[in-house]
Amino acid sequence: MEDRVRVVIAEDSVLLREGLTRLLTDRGHEVVAGVGDAEALVKTIDELASDDSGGGSGSGGLPDVVVADVRMPPTHTDEGVRAAVALRRAYPDLGVLVLSQYVEEQYATELLAGSSHGVGYLLKDRVADVREFVDAVVRVARGGTALDPEVVAQLLGRSRKQDALAGLTPREREVLGLMAEGRTNSAVAAQLVVSHGAVEKHVSNIFMKLGLSPSDGDHRRVLAVLRYLNS
């Protein structure tokens, strides 16, 4: 239960909203609210944040993470992601995971801009992999990142064109791309078929080249990913 997180879901499709709720609650997480539009999402978070009863097993207090659809009523264009961006500004400690039918680079970039806490952007197809989806929700709630490989590929492709971080070697870029997906060092090592020690060395070099000191603590990993994708 130490991995239990409190979630608010914003999705206009009742079937999908109920399905996500069931996926999370069946695995011991608490869905404190489910709403169908962006206005209701913002109102719900504001009300929970103003509740002095705090977190824990009750329903009061700011949740750990919001899971929101990019496109929501009334226009089904960008209401969801706009609400997500506004909530990140108002509540820096709130994790935000958005779901989208397609990779929408502008929205992904705006969501990531200035972020220093948990953030995620997944394609809805990724929800079909239940374990991967639930892991992503928990990771974002705990301050990590969960970016769809397709999102990473597009953003890194743009970064390469702009030569944003020329100081990184091709292998370091590859490692950082996998980190952006939310992979641990062990998972990166398995993907690249290299030793765990080799990955640790690459990660250390990345931190050094990005000017992230040991004083940044556990957030260095998140800051490295976001600095790269925001560039």
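The values are calculated or read from the model by the stated rules, or taken from the named source; none is laboratory data. Remember, predicted model here, so these are calculated numbers, not experimental data. Note that we place each Cβ from the backbone using ideal geometry, even for glycine, and neighbour counts take in every protein chain shown.
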Hits in segment 48-63 (condition: farther than 23 Å from Ser13 by Cβ and modelled with pLDDT of 85 or more): Ala49, Ser50, Gly61, Leu62
Does any residue of segment 79-86 turn out to be assigned to a loop (DSSP other than H, G, I, E, B), at pLDDT below 95 and of a type in the set (D, E, K, R)? no
Options Ala84, Ala90: the member that is closer than 23 Å to Ala49 by Cα, more than 13 Å from the chain's Cα centre (by Cα) and either surrounded by fewer than 16 Cβ atoms within 10 Å (Cβ to Cβ) or in contact (Cβ under 8 Å) with a residue 24 or more places away in the chain (or both): Ala90
Boolean, Ser116 is modelled with pLDDT under 85, closer than 22 Å to Met208 by Cβ and touching a helix residue (DSSP H, G or I) at 6+ places or on another chain (Cβ under 7 Å): yes
Condition first: buried (at least 22 other Cβ atoms within 10 Å of the Cβ) and farther than 11 Å from Val134 by Cα. Now tell me which residues in segment 8-34 satisfy that. Val8, Ile9, Ala10, Glu11
Of the conditions (1) at pLDDT 80 or above; (2) charged (D, E, K, R); (3) under 22 Å from Val85 (Cα atoms); (4) surrounded by fewer than 16 Cβ atoms within 10 Å (Cβ to Cβ), the single one that Arg131 does not satisfy is (3)
Considering only helices (runs of 4 or more DSSP H) wholly within segment 134-231, the ones with at least 1 residues that are under 26 Å from Gln106 (Cβ atoms), under 21 Å from the mean Cα position of the chain (by Cα) and modelled with pLDDT under 85 are 149-162, 170-180, 220-230
